[in-house]
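Worksheet: one structure, shown below.
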């Protein structure tokens, strides 16, 4: 497997921590905005099933699609970085799925937790629909299986371990990059060809 060099003409090829962090923040706030729109509206519990459960799964699916189709999520595209094969070429569907496999696993379990939460709500539709955004958040947090919090904790540990691994290697690869054999590079180096000596 041929990797791009660490630098080309004095410019770093591999995306650093802060750019990757900014991309994650951008993507997370984009999806949190969608979630809060649900909490702001006057929705009943059936709408909760139709909205919250798919919303739990949409981020890894969005990530898979955008990484394969465009080389990065909206956040990565906005900060000028791309996910590629080690040689700078575009990734395939297999790599895009493997890269998001753990996130997809956690999202699926969290979706099951949301289903359990919505099924065990002890408030009536009209009470939930007329509650404020903060009241709905409290209702949803207080209801549902205890294991949902454990899964969310393990998901947070996974994310922290990803950042830790990324900080301690020269190519700034996170665990999911090692799993999928991908790298995250500055956009200008996509399709960069390594010259043979």
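Readers should treat all values here as calculations from the given coordinates under stated rules, not as data from a laboratory. Please read all numbers here as calculations on a predicted model, not as lab measurements. Note that each Cβ is placed from the backbone with ideal geometry, even for glycine, and that neighbours are counted across all protein chains shown.
Brief remarks on what is shown
- Additional length obtainable on full extension of the chain from residue 170 to residue 131, 0.36 nm per residue less Cα span: 9.0 nm
- The listed peptides 167-173, 73-79, ordered by packing as a protection proxy, come out as 73-79, 167-173 (highest mean of other Cβ atoms within 10 Å first).
- Scaled against the 2.2 N^0.38 Å expected of a compact globular protein of N residues, the Cα radius of gyration of the chain reads 1.20.
- Helix 17-40 vs. the chain, principal-axis angle (Cα, 0 to 90°, nearest 10): 20
- Between the helical axis of 147-167 and the longest alpha-carbon principal axis of the chain there is an angle of about 20 degrees.
- Two-site FRET efficiency, residue 147 against residue 47, from Cβ-Cβ distance with R₀ of 22 Å, rounded to 0.05: 0.30
- Degrees, to the nearest 10: 101-120 long Cα axis against longest axis of the chain: 10
- Choice from 137, 179, 166 with maximal GNM fluctuation in the chain (Cα, 10 Å cutoff): 137
- Working from Cα pairs under 8 Å separated by at least six residues, relative contact order for the chain is 32 percent.
- Residue 77-residue 89 pseudo-label distance in nm [points 7 Å out on the Cα-to-Cβ vector]: 2.4
- Over the stretch 71-181, Cα pairs under 8 Å with separation of 6+ residues give a relative contact order of 29 percent.
- For residue 179 and residue 65, the difference between the fully extended length at 0.36 nm per residue and the C-alpha to C-alpha distance is 39.3 nm.
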